[in-house]
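Each value in this text was obtained by applying a stated rule to the coordinates, not by laboratory testing. Not measured: the values here are computed from a predicted model. Because the Cβ atoms are built from the backbone with ideal geometry, glycine has one as well, and the counts that use them run over all protein chains shown.
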Amino acid sequence: MEITADDVDRAWFPPAPWGTRGYNRMQVDAFLSRVAATLEGRDTVTAADVHKVAFTLCPMGRRTVGYDPAAVDSFLRLVETALAARESATLPRAYVATALDHSHARAPLWRKLV
């Protein structure tokens with residue numbers, strides 16, 4: 001599937017469901033701006049960068065509601081695939097993303113230490 005910079009700019013994500021924590025909107029929007037710039041040839045975000053990106057979760061009980069993580073993760077999988085297809089034309093071997101963990105939530109500090 002071919003994704004354009006306009007598709008990335010027009011991407012809309014629903015708010016996180018009630019009682020759950022969503023991705024930080026500013027972080028998601030800033031990263032997608034870099035992806036759009038890459039698709040226009042003004043930045044260098046790779047498929048691996050999309051796979052490794054991590055966003056903080058909004059705190060519970062705040063008035064700000066983050067983006068639905070499932071919707072953002074699903075869109076980023078499409079973006080990763082599109083960027084990988086573009087890169088595979090220039091790489092000697094195809095990019096293959098692991099399908100084990102596609103959550104882009106930052107791991108809590110206590111999980112990093114374990």
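Just a few scattered comments:
- Once the Cα-Cα distance is subtracted from the 0.36 nm per residue extended length, the residue 74 to residue 44 segment shows a gain of 8.7 nm.
- FRET E, pair residue 18, residue 105, Förster distance 25 Å, beta-carbon r, rounded to 0.05: 0.90
- Förster radius 22 Å - calculated FRET efficiency between residue 26 and residue 88, Cβ distance, rounded to 0.05: 0.10
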